[in-house]
Amino acid sequence: IAMTTALVSSITKIPVRCDVAMTGEITLRGEVLPIGGLKEKLLAAHRGGIKTVLIPHENVKDLADIPDNIKGKLEICPVKWIDEVFDLALEHPPVALPNDPANDVTIPNVKNNDGKSSRVKH
């Protein structure tokens, strides 16, 4: 999720909050997947002065292994989808561009050897 957030930040010119750390895998559909080593990652975030940590929702069960004094000093935010990450990690959420009909692309049909039209298959 960190790489995806960095890419969105770079493209949209919206800065990532400097007090947020994050961990998690992401699917092609934007679902945040669980990770290993949560205890070590939260301890490192605490040592680094981070205040907010985004973790995969499926890792909430692993918070039982984290010392209470560490949990008490971090705002731990479980996330399921990448849009939740953007809402929490970016200084403000990205805004969709308006639909511009001039940018609509029509895919042309291609004539087969028999003269019939068909879509090109890849």
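Read the figures in this text as sums done on the coordinates, not as results from a lab. All figures in this text were calculated on a predicted structure; none of them were measured in a lab. Note: ideal-geometry Cβ built from the backbone for every residue, glycine included; neighbour counts use all protein chains shown.
The rows are residues; the columns are (1) surrounded by fewer than 17 Cβ atoms within 10 Å (Cβ to Cβ); (2) part of a helix (DSSP H, G or I); (3) not aliphatic (A, V, I, L, M).
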site	(1), (2), (3)
H46	no, yes, yes
N59	no, yes, yes
N69	yes, yes, yes
K73	yes, no, yes
I76	no, no, no
V85	no, yes, no
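Within the bounds of the range 26-43, is there any residue that is part of a helix (DSSP H, G or I), over 10 Å from the mean Cα position of the chain (by Cα) and closer than 24 Å to E91 by Cβ?
Yes, the conditions are met somewhere in the range 26-43.
Checking the conditions here, which among T23, T106, T27 is within 12 Å of I1 (Cβ to Cβ), of a type in the set (S, T, N, Q) and loosely packed, with under 14 Cβ neighbours inside 10 Å?
Only one candidate passes the filter, namely T27.
Under 8 Å by Cβ, and 6 or more places apart or on different chains, what pairs join a residue from the range 29-47 that is touching a residue at least 40 places away in the same chain (Cβ under 8 Å) with one that is of a type in the set (F, W, Y) and part of a strand (DSSP E or B)?
G30/W81; E31/W81; V32/W81
In the range 14-53, how many are among the basic types (K, R) and either touching a helix residue (DSSP H, G or I) at 6+ places or on another chain (Cβ under 8 Å) or more than 16 Å from I76 (Cα to Cα) (or both)?
Summing the residues that are among the basic types (K, R) and either touching a helix residue (DSSP H, G or I) at 6+ places or on another chain (Cβ under 8 Å) or more than 16 Å from I76 (Cα to Cα) (or both) in the range 14-53 gives 3.
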